[in-house]
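To start, the structure under review is shown below, and the notes come after it.
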Amino acid sequence: MSDTWVVILVLAAATFSIRMGGVLLGQKLPTTGPWARALNALPGCLIVSLVSVLLLSGGPNEWIAGSVALAVAWFSRNLPLTMLAGIAVIFFLRR
Amino acid sequence: MNTSTPSQEFWSAVKDISPLALGVAIYGLAFGLLAAQAAMSELQIGVMGTIVFAGASQILAVERLVAGAGAMTAVVAAIAINLRMLLVTASIRDVYKDRPWWQLIIGAHMTTDENWALMLSARAKGRSVGYWYLVGGGACLFVTWVVSTVCGVMFANAIPDPKALGMDFAFTAAFIAIARSLWRGKPDLLPWLVSIGTVAIALLSGMLDSSWSLILGGCMGALIAGLLPHE
């Protein structure tokens, strides 16, 4: 079997195990107390971490576009509008 | 209380996720171009998209193969990127609660950053959405991803570069918008600052790569939220 097929099959098995592992872990953790509070806060913390990684991996162009996107998101709370503003600013800055 | 049927939830998610699906399609086409350089066939790319269905890890794995790294290196790097999915699926446990096993399998496989975050955002805006909203968004992205990556291999010489179009920033902007809608006010401030600070230190000091910085940042913020006395 070629390397490519090995990569595909092993990555698929590992990725599904990770996703299913989280599903089963979530059912096992307590529903009250510190664990529950931590799990409730996890989505927001993960998304903020993801945005931090994306912006810190970029340069001044990404920081400016990120600030504009944040301002648009803050006042509009609108997903497509925020995406359009971010793309438009980065496109303009990179020209 | 506005209750909606599974079918209504499914299709409203398909509609809500369409701007993100457009971004996924452009990435899918570009990924097909990369896969063609790795001499992958339409069949291999179609099977990979179907059974892996985790774009960033697929791009990384194939990029490593093209760069001449071995299969082992490619797989390990790609798995590291996907470890965050453990936290992603664990964090929406109510969605999977008391579901039959086949719905757990489909629900787990259909969970990606985009539809997970979009569902949370819809909930933060007061909509009572759950499993079928998640699966609807996931199914839309799934079809988009598989079709666009296969098309990318087939039409490898007519594909635009996402970065030149500014499309690489589409997802950053989308996650900024989603973070905004998840903001609940003061109780989030300290955990979020801890997450941002942890990522900044881990990444800028060079201690951790981006996959692990992200995981550590998410865990540290959640840990602080768990330890803080609240309500």
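The spacing between segment A:34-56 and segment B:79-134, judged by their C-alpha centroids, is 15 Å. For chain B, the alpha carbon positions stretch 57, 48, 36 Å along the principal axes, listed from largest to smallest.
Using the 1.4 Å probe convention, the accessible area of chain A works out to 50 Å² per residue with neighbouring protein chains retained. Panel note: contact residues of segment B:75-90 (accessible area lowered by at least 30 Å² against the chain on its own; 1.4 Å probe) correspond to B:V75, B:I79, B:N82, B:M85, B:L86, B:L87, B:T89, B:A90. Heavy-atom surface analysis with a 1.4 Å probe gives the protein assembly as shown a carbon and sulfur content of 70 percent of its accessible area. Rolling a 1.4 angstrom probe over the protein heavy atoms with all chains in place gives segment B:31-78 an accessible area of 38 Å² per residue. Working note: Cα atoms of segment B:184-231, range along each principal axis, descending, whole Å: 37, 15, 13. When the helices of the protein assembly as shown are scored as -39500 (n - 2.57) per DSSP H run of n ≥ 4 and the total is divided over every residue, the value at 222 nm lands at -25500 deg cm²/dmol.
Summing both sides, the accessible surface hidden between B and A at a 1.4 Å probe radius is close to 6500 Å². Translational diffusion coefficient of the protein assembly as shown (Stokes-Einstein, Kirkwood radius from Cα pairs, 10 °C, 1.306 mPa s): 79 µm²/s.
In percent, rounded to a whole number, the relative contact order of segment B:110-231 is 22, using alpha-carbon pairs under 8 Å and six or more apart.
Shielding of peptide A:64-72 by partners, expressed as the average count of other chain Cβ atoms within 10 Å per residue Cβ, is 3.
Taking chain A as a Gaussian network of alpha-carbon nodes connected by springs under 10 Å, the highest mean-square fluctuation of the residues A:L79, A:L11, A:L54 belongs to A:L11.
The values are calculated or read from the model by the stated rules, or taken from the named source; none is laboratory data. Quick caveat: nothing in here was measured; it's all calculated off a predicted structure. We place every Cβ from the backbone using ideal geometry, glycine too, and count neighbours over all the protein chains shown. The area values use the complete protein model at the heavy-atom level, side chains included, leaving out ligands, DNA and RNA. Shrake-Rupley method; radii C 1.70, N 1.55, O 1.52, S 1.80 Å.
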